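Report on one structure; see the data block that follows.
The values are calculated or read from the model by the stated rules, or taken from the named source; none is laboratory data. Model, not experiment: these values are computed from the prediction. Cβ coordinates were reconstructed from backbone atoms using ideal geometry, including for glycine residues, and neighbour counts include every protein chain displayed. What goes into the accessible areas is simple: the full protein's heavy atoms, side chains included, and nothing from ligands, DNA or RNA. Shrake-Rupley method; radii C 1.70, N 1.55, O 1.52, S 1.80 Å.
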Amino acid sequence: MEPLTLWQNLLRDTERKTTWAQALAKRDAVIRSLLEFHPDGACAPPHSEGAFQGIPFVVDSRIAAEGFRLTCSSRMLADFVSPYSATAVLRLQNAGAQVVATGNADAFGMGASTENAATSVTRNPWNNDCVAGGASGGAAAAVASGLVPFALAADTGGALRQPASLCGCLGLRPTYGAVSRHGLAAHASSMDTIGVLARDIATLRRVYECIAGPDERDPTTASPTPLASSAQRVGVLDDLSDLSAPVAQNYRDTVAALRDLGIETRPIALPLLPHAVATYYVIAAAEASTSLARYTGVSYGFRQPDTATPEEMIRQTRSLGFNDENKLRILLGTHALRAENYPRYIARATQARAAIRQGMAALFDNVDVDLILTPTYPTQAFPLGTDAPHSIERKHADRYTILPSLAGLPAASFPTGTANDLPLGLQLIAPPFGEARLFDALGRILGDAPCPLPPTMTALGGQP
Amino acid sequence: MKYQSFIGLEIHIHLLTQTKAFCACPNQYGAPPNTHVCPICLGYPGTLPAANAEAMRMSYLLARALNCELAATCTFDRKNYFYPDMAKSYQLTQFFAPVGRNGWFDISLGSETKRIRIHDVHYEEDAGKMIHAGKHSLVDYNRAGASLLEIVTEPDLSSGEEAEAYVREFRRLVRHLGVCDGNMEEGSLRCDANISINLPGKGLGTKTEVKNINSARFVRRAIAYEINRQAAAKDNGETIVQETRLWDADKGITLPMRTKEDAHDYRYFPDPDLPPFSPDDAFLADLETRLCELPLQRKQRYERDFSIPADTADFLAEDQQLAQLFDDCVALGAPPKVAANWLAGTVQAQLKRTERRVADSHISPQRLAQAIALVEKGRLSASRAKEVVELIILEDRDPEEIMTAHGWEQTSNAGEIDAWIAQVLADNEKVVSDIRGGNPKGIAFLMGQVMKRAQGRADARLVKEKLEQALTGQ
């Protein structure tokens, strides 16, 4: 039986639903993955009967769901109730699914640990002293803990893939343009996507297929051109020197496992990998500095009261509404966009991005690989509340998730076992609109079974 | 003139699109505050703009009419600045690749034609409106996100008069193309002027920008004032400061608003949410069919081909519906000068009196041509024709039908006219004898009496002829 069907059985009557809700609340009190939880949804019940009838899901705090607070895990939007739903959310609701909670994250999607959230820090469900990852750490921790069957989360430079890897679940970032961004609070519009977190391939695939497709509310959506789904050849990395020992070993083991499955592996080198992080942060910070400029307190969101002038109100509202990481990125982006700096930063980053895009395309076209296997993150989950790794090191650690983001490619992080009682995860990258190929390969690697739950967690009254 | 003046204009027009620039809100003015708003034009988190196809068509059409090089791909860019009336804290505009560049537009200066170069035509969204009420500031976002087009000229104008002529000619153009209503007082056409002066041969001087000019007449006055102000300053050995100045229409002066030091770095940046727009062949072909004869060309044709006086030609060319009516009427055989006089006189007066436009009246080229033909054939008197023409504006009836229904057709029945004359002569023996005695003064009086008896139905020429015969022939 498919996991989603098991969930439908699990929640088929009020009594069972109450049991689930109570168990969920108890478990979440420890990991603090959710910001707002309404077992019956926050507004009207789902619109129609459909394939997802009665299935609860979580949305990242950056994704709009009517009736829920679209907080972006920030002080700025702490009380902002969304008057509308994201297209991806609507499509799931139309198929019968129901938003029950919002997932905690680093404010406005900026961070790698969900420690930069306004109200609470999310803990890793495998080891509560470690981070869940981020930015979308809440949604990943909730799914990895089996609180809900799936979540929609934002991914800009790895926001859902990295926590999926650190918490031990599947995380799909779709091709840029495959899923509408309408309803996703912007961080860096040219790389923002809405992706899916789940514990099994069938669910991941069904949710993706439900939310994908052109949307007139997002002019950057596109119609996918069909791409052969089968993966014969996978590009693999030779140089693993920048990875932690468990991740490097796990990578080698996984390459061997691919060969055992009859998949050919070919050595590749990722294009401009040493420049990816600088390229990403210039572009993302530049876009964020203007996308976040709308938070002024004028017509919605937090507002610092009793200021002398409208200009002073905007200044103080922004000063108090954003956290340090937000301000750092806004300042960086503002600096990079200044007319005199534009050629030095934006123009060069744009060039580098084009080269990365071409370099990635060349791997698929010239080296003739169907997919590329990389680490998701160079390390496993790191301890909470410490300065290590340092903020700059954390940004550098985003390099593997950043490459597909810059190139607009679909990529999925998938669990590949554990080491030191913490999950391990790797990333598969496909050409544009190659999601079906990812599902196909993941199905062969992982089988039908859901990812293992953290050992401390027992199944919630019969869920997979 | 000691100094040479250089004037460039930046004109903003509100496009007559149904919806705003990037959302589905109505693109209308005058509604209660904040009623034409949605999450997109309020800049709510997660909302995305979508380009307006109608606005793109209008933008390319105007750029084409201004002889611009049309962008094969135009971009939408963010212009960043904080102000409470700007919901997203950036304005979507076109900085890197506007709709059109390097165009020109001819204006008429008396008997001369002057070519003004167009720097660029770019599309952008409007801001909301701030209202300061005591200690509070209020914002109305109805106008936020409305579709605007900005047309920037090169500094080719050299006086307030020329600038006024440009604005008037430009306004006719946008009205003709149907892309803007051209109303300056309501702000659907706004004009800023960049003005500099210098000694002849020295090139451009330091410019000031004058804003808040809301009529064509004020364009002339504000620029004239500013030229004089700058000349006086230079004569006094002062340096002209690059600054933005505000036109105060009540005082008839310009006042400093901000200097260049306050200038923003707008941090222009291609909007990642809006893909560039690339018109296809069908789009471009469609533009050609929408281009019409431009007002100035039309005016010049009326003068050249029909010898219509300049002011009448100008008047006809101003209103596209009127001009079309005129052209069609002439095509149906009406003498051009006669048709022009009817349109500029009776038709215009009646339209104005009844607050109609050609489109919402019942006049048609066929009807006007028929009325003119009835006069030419002597079936309708000039005075009755005026009444008929007034009625074809109000009533859905042909002139001939109106004439018949009112019994206004002139008679050419000789017997009937003879009878009226005989009666009048009999009633005015004294006058008749005076005339016959050699004093012709009374003839006009007798004419009037006959016409009165005929109640306007008699052909005056025939009456005159017969009356003279009756007076002399006996």
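Numbers below:
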quantity	calculated
Exercise: per-residue mean of other protein chain Cβ atoms within 10 Å, A:283-296	5
Degrees between helix B:443-454 axis and first principal axis of chain B (Cα, 0 to 90, nearest 10)	80 degrees
Rounded to 5, percent antiparallel among DSSP beta bridges of chain A	70 percent
Centre separation in Å (Cα based) which lies between the range A:83-135 and the range B:327-398	73 Å
Long-range amide H partners of A:Asp370 with built H, under 5 Å	A:Gln232, A:Arg233, A:Val234, A:Gly235
For B:Ser5, net neighbour charge (Lys/Arg +1, Asp/Glu -1) across residues whose Cβ lies under 10 Å away	-2
Inter-chain Cβ neighbour average for residues B:47-53, partner chain, 10 Å	5
Euclidean distance of C-alpha centroids, the range B:254-296 and the range B:15-77, integer Å	11 Å
Cut-off under 5 Å, modelled amide H: who pairs with B:Arg258 long-range	B:Thr244
Compactness of the range B:414-473 - radius of gyration and Dmax, Cα, Å	10.4, 30
For A:Asn116, distant residues with modelled amide H under 5 Å away	A:Ala107
For B:84-93, mean number of other protein chain Cβ atoms within 10 Å	4
Geometric extent, Cα atoms of chain B - Rg, Dmax (angstrom)	30.3, 100
Computed over chain A: relative contact order in percent, which uses C-alpha pairs under 8 Å that are six or more apart	19 percent
Square roots of five times the Cα gyration tensor eigenvalues for the protein assembly as shown, Å	75, 32, 25
Aspartates and glutamates with Cα under 18 Å of B:Lys430, excluding same-chain neighbours fewer than 8 positions away	B:Glu468
Using θ = phi - 60° and Karplus 6.51 cos²θ - 1.76 cosθ + 1.60, couplings along the range A:105-117 (whole Hz; Gly, Pro as x)	7, 5, 3, 6, x, 10, x, 10, 8, 6, 8, 8, 9
Note, ³J(HN,Hα) from phi for the range B:101-112, Karplus 6.51, -1.76, 1.60, rounded to Hz, x at Gly and Pro	9, 6, x, 7, 8, 8, 10, 9, 10, x, 8, 8
Mean Cβ count within 10 Å, highest first, over the residues of peptides B:217-227, A:185-195, A:159-169	A:159-169, A:185-195, B:217-227
Surface accessible to a 1.4 Å probe, B:His36 within the full protein complex, Å²	30 Å²
The protein assembly as shown, dipole about Cα centre (Lys/Arg Cβ +1, Asp/Glu Cβ -1), debye to the nearest 20	1000 debye
Where N is the number of residues in the range B:4-284, Cα Rg divided by 2.2 N^0.38 Å	1.02
Helix B:216-235 axis, angle to chain B major axis (alpha carbon atoms, nearest 10°)	50 degrees
Helix B:460-473 axis, angle to chain B major axis (alpha carbon atoms, nearest 10°)	30 degrees
³J(HN,Hα), Karplus 6.51/-1.76/1.60, whole Hz, each residue of the range B:378-395, x for Gly, Pro	x, 8, 9, 7, 4, 6, 5, 4, 4, 5, 4, 5, 5, 6, 5, 7, 8, 10
Accessible area of chain A belonging to carbon and sulfur atoms, whole % at 1.4 Å probe	53 percent
Only Lys, Arg (+1) and Asp, Glu (-1) charged, at Cβ; chain A dipole about Cα centre in debye	400 debye
Cross-link partners of B:Lys88 among lysines (Cα-Cα below 17 Å; sequence separation of 8 or more within a chain)	B:Lys20, B:Lys79, B:Lys129
Set of lysines near B:Lys2 by C-alpha distance (under 19 Å), chain-local residues within fewer than 8 positions excluded	B:Lys202, B:Lys207, B:Lys234
